[in-house]
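Written below as structure tokens is the structure these notes are about.
The values are calculated or read from the model by the stated rules, or taken from the named source; none is laboratory data. Given the structure is predicted, the values throughout are model-derived calculations rather than measurements. Every residue, glycine as well, gets a Cβ built from its backbone with ideal geometry; the counts of neighbours run over all protein chains shown. The accessibility values were calculated without ligands, DNA or RNA, using every heavy atom of the protein model including side chains. Shrake-Rupley method; radii C 1.70, N 1.55, O 1.52, S 1.80 Å.
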Amino acid sequence: MKIICIGRNYADHAKEMNSPVPKEPIFFMKPDTALLRESEFYLPDFTKDLQHEIELVIKISKVGKNIAPEFASGYYNEIGLGIDFTARDIQKHCKENGLPWEKAKAFDNSAIISASFLQKADLNLSNIEFSLTNNNTEVQKGNSKDMLFNFDQLISHISRYITLKVGDLIYTGTPEGVASVKIGDKLQGYIGNQSMFEVKIL
Ligand code: MG
């Protein structure tokens, strides 16, 4: 399986990054070795500014290529929640030097994923509230209605370039409020009031 992540899909996050709002979806990838389903995350020693990005995650349920937006809903049944961990200091260096982002985004355990996913049929896809707390204080809050490109548009766009396969995950972008984590932090992700994951930073 592969992991595809969307960048700057919420205008308020693009603003906090001092980046322009994109005219089409921006995407990058993480390898399967980035996935972390466990509840402990060991802070890597190569960054001094590891930041959380809470994101809704689409799980692809059918192989597809060149999927039209009006048919995209047939290619996923479940929505989960994850964190796109980002070594912001390394990403900044990459951006400034025109380099790829993998060192900042694709490292081991950089993709937290909820153990369970919610059925699409049980959700109002254009109004999914989600949030992240750190040590029981809310640090990020988002709603799918604020996405610049919705789930179907993302699937359609990505599949023009890359064949989507069963089990692939699409991290759909983070709302504003990204911030650094430190050893001892406890991150908890929610869709609505439902707890989706809890991760301790060690
Ligand atoms: Mg992200």
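A helix-only calculation puts the chain at -4000 deg cm²/dmol for mean residue ellipticity at 222 nm, using -39500 (n - 2.57) for each DSSP H run of at least four residues, averaged over all residues.
Coordinate range of the alpha-carbon atoms in segment 27-67 per principal axis, descending: 40, 22, 19 Å. The packing ranking of peptides 83-93, 64-74, 28-38, highest mean first, is 83-93, 28-38, 64-74, where packing means the average number of other beta carbon atoms within 10 angstrom of each residue.
Taking each pair of distinct Cα atoms in segment 1-88 once, what is the resulting Kirkwood hydrodynamic radius in Å?
Values: mean 1/r = 0.0654 Å⁻¹.
One decimal place: 15.3 Å for the Kirkwood radius.
Its Cα gyration tensor gives the chain an equivalent ellipsoid; the semi-axes, largest first and in whole Å, are 24, 19, 16.
Accessible area per residue of the chain at 1.4 Å probe, in Å²? Intermediate values should be presented prior to the final figure.
Details: 9590 Å² over 202 residues.
Accessible area per residue: 47 Å².
Shape index of segment 93-197: Rg/Rh, with Rg the Cα radius of gyration and Rh the Kirkwood radius from the inverse mean 1/r over Cα pairs, equals 0.97.
Remark: for residue pairs K48/K120; K30/K182; K15/K48; K65/K186; K23/K182, the C-alpha separation exceeds 27 Å in K48/K120; K65/K186; K23/K182.
Mind giving me the nanometre distance, one decimal, between the label points for E129 and D12, set 7 Å out from Cα along Cα→Cβ? Distance between label points: 1.3 nm. Hydrodynamic estimate: the Kirkwood radius of segment 36-139 over Cα pairs, inserted into Stokes-Einstein at 4 °C and 1.567 mPa s, corresponds to D of 81 µm²/s.
Based on alpha-carbon centroids, what's the gap between segment 85-124 and segment 125-172 in Å, whole number please? Using only Cα atoms to place each centre, the spacing works out to 12 Å. Using a probe of 1.4 Å on the protein chains alone, the accessible area found for S116 is around 60 Å².
Within the same chain, aspartates and glutamates fewer than 8 places from K59 are excluded, and of the rest, those with a Cα less than 13 Å from its Cα are E78, D152, D168.
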